[in-house]
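Data block below; observations after.
The values are calculated or read from the model by the stated rules, or taken from the named source; none is laboratory data. In this text the structure is predicted, and so the values were computed from the model without any measurement. Glycine also receives a Cβ, built like all others from the backbone with ideal geometry; neighbour counts cover every protein chain displayed. Heads up: the accessible areas ignore ligands, DNA and RNA and are worked out on the full protein's heavy atoms, side chains in. Shrake-Rupley method; radii C 1.70, N 1.55, O 1.52, S 1.80 Å.
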Amino acid sequence: MKPESIILLIIIPLIGAVCCLVEKFTRRARLAPLASIVTLLLCLGLLGWLYPLVVQQQQMSYTIGGWSAAIGINHVFDGLSWMGCSLIFVVSCAVLLFALSEKRYEFTFYFFFLIMIAAMVGVLLAADLFNMFVFFEILGLSSYILIAYLQKRQALLACFKYLILSSLGMTFFLLGIYILYQHTGTLSLLEISEHLVQSAQTSSRSIFAMSALIAGISVRTAYIPFHVWLPEAHASAPHPVSAMLSGLVIKISFFSIWRLLDVFEMPAFRHFFVWMGAGTALIAVFWALCQTDCKKLLAWHSISQMGYIITAFGAGHALASVASLYHLMNHALFKSLLFLCIGSVIIITGERNIKQLGSLGRHEPFLMVLFFVGAGSIMGLPPFNGFISKKLIQTSVKSYPLIASMLWLAGVGTMASFIKLSIIFRQNPYQAADATPQPPAAACSRLSYLPLGFLASLCVLTGATPRFFREQIAVLLFGHGLQGSFHLYSGINMLNTLIALLLGAVVYYAIFSHAGHRFSTMIRQWRLSFQASLIWCVLGFMLLAIYADW
């Protein structure tokens, strides 16, 4: 297969988007959904065709127009790109089916949906900084429009906040591009890397430029302190868009950070991620535990789980890298499943406040089962995928005892959070014991169960066959499997999980005490102003630059 075929992963979604617009002129209903489905299936087929070549060659590159890589628009496709693209198209297929089941979106939704997919693939394949910037901007624009698609007041405000903060992030990114171009005379990642290697030592200017690049992308990745836009945006967006944002968009931004640090080889930034990731996992889960809005609770857990991912990435060695990618893949699956399950709950009941929900499992038992697959996955319960990747992460950070303890405590908070969220399907302790459960206002669409069942089955599959997926990730990253054996279902691991579950139950019951209720109410009412949100992002950039140069 020719190297230029990798560009089809961007071109096919763009052609599909144009086909969606044709519906406006032909007046043929359902043309846009059909074009979207065909587009995703074609891209999945192309990925399957590319897999053997990626494993054998490890990298394919193509520069548009025959220009040299130093000045042309260059694209690179390797194991990291393949994994990112596979996540994009698999999760997007599930989300698309759920959107179809809602029957409320016009052709414009599917148009921007495919533009978003093309932009994410473009970010993954970009091998020069300016091309990466352009695709990030396209991704941002499509995300803003989709968040505000239903034109609800809260979504419009969240969209505006995301737009401004993302613009600040891209300003940082452009600053980094300017400094590196001034320093090296090129925007090609490979050319910049070679220039930095030839230098006797990494200069403060290069470190500052790299800090600006990473800070700019970090606003989209949404770990603390760059997280300030995420809870409102993810909670206010349409349900399929929430699943895309949490399952894919913040992951693709992280892939680009991975790419930059792999190419430029600056270990100081990885060490920064170890500590910032653990802090993010613990602080965000604490905030999630205090929420009563179902989607906002999930949104805070998106931040927390990104903490696990970047902590393992920061540890740097082979097992840690595999654990980071494994958990990234798992999180894309179970968090998309959870957002779509909660979306179904909101559609059925018309309610998103946990205090007003309860006993839904009597009316929707299958939805309850699917929810508990997602909940068991994010809680790290065996045999679901979250158990495997979290234990790999714990193993990979054993040399950081404090970090491992912080992640374990974050796991306890996650247990408590999803015991709390499960109130939706069982007796609600917020309500009187003799209260009569209200029947759902609407029935769940049968079509919506198809994507939910698909994602749930993947959560079980990736948990039931850990060795296969672990080794496949290692081959895609390094060209060979991991050395050594890993006894993830050991007695000590099972005991730690049981203790975390029991402590999570204790924390859950503490929430319903008078002091716990008052404290969680105070936390929910504490919100950053818009000016404070901007300051947090700037402080994050400064902290990153100071730490890396220290």
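Evaluated with a Cβ-only charge set (Lys, Arg +1; Asp, Glu -1), the stretch 290-449 carries a dipole of roughly 140 debye about its Cα centre, given to the nearest 20. To the nearest ten degrees, helix 79-102 and the longest principal axis of the Cα atoms of the chain are 40 degrees apart. Rounded to the nearest 500, the 222 nm mean residue ellipticity of the chain from helices alone is -25000 deg cm²/dmol, with -39,500 (n - 2.57) taken per DSSP H run of at least 4 residues. One decimal place: the segment SER61-SER5 gains 19.2 nm when fully extended, by the rule 0.36 nm per residue minus the C-alpha distance.
Counting only protein heavy atoms and a 1.4 Å probe, the stretch 313-437 has 29 square angstrom of accessible area per residue. Spin-label model, TRP49 to GLN525: label points 7 Å out along the Cα-to-beta-carbon direction sit 6.1 nm apart.
A straight Cα-to-Cα reach below 21 Å connects LYS391 with the lysines LYS251, LYS335, residues fewer than 8 places away in its own chain not being considered. Labels on offer are (i) 36; (ii) 10; (iii) 21, and the one holding percent of Cα pairs over 45 Å apart computed from this structure is (ii). Derived scalar couplings between HN and Hα for the stretch 389-405 equal 5, 5, 5, 5, 5, 4, 5, 6, 10, 4, 6, 10, x, 5, 4, 4, 5 Hz in order, rounded to whole Hz, by the Karplus curve 6.51 cos²θ - 1.76 cosθ + 1.60 (θ = phi - 60°), x for Gly and Pro.
As a fraction of the 1.4 Å probe accessible area of the chain, surface on carbon and sulfur atoms comes out at 66 percent.
Calculated FRET efficiency, TYR547 to PHE478, Cβ-Cβ distance, R0 = 25 Å: about 0.35 to the nearest 0.05. Bridging of LYS161 to aspartates and glutamates at a Cα separation below 20 Å is possible for GLU137, GLU232, ASP293, once same-chain residues fewer than 8 apart are set aside. Rounded to the nearest whole Hz, the Karplus-based 3J(HN,Hα) values (6.51 cos²θ - 1.76 cosθ + 1.60, θ = phi - 60°) of the stretch 359-373 follow the sequence 6, 6, x, 5, 9, 10, x, 5, 4, 4, 4, 5, 4, 5, 5, with x at glycine and proline. Averaging Cα coordinates gives a centre for the stretch 307-324 and one for the stretch 476-550; these two points are 15 Å apart.
The stretch 1-56 and the stretch 246-265 have Cα centres separated by 23 Å. List the residues whose amide H sits under 5 Å from the amide H of SER61, counting only those 5 or more places along or on another chain, with H placed 1.01 Å from N in the peptide plane. Amide H to amide H, under 5 Å and 5 or more residues apart or across chains, SER61 pairs with PHE77.
Taking a ≥ b ≥ c as the square roots of the eigenvalues of the Cα gyration tensor, the stretch 158-232 is classed as prolate, since a/c reaches at least 1.5 and a/b is larger than b/c. Cross-link check: pairs LYS152/LYS355; LYS2/LYS24; LYS103/LYS390; LYS296/LYS398; LYS390/LYS420 evaluated at a Cα-Cα cut-off of 25 Å; pairs beyond the cut-off: LYS2/LYS24; LYS103/LYS390; LYS296/LYS398. Take the chain and mark each of the trypsin sites (Lys or Arg not before Pro) that is in a DSSP loop with at most 16 other Cβ atoms within 10 Å; the longest unmarked stretch, sites excluded, is 153-397.
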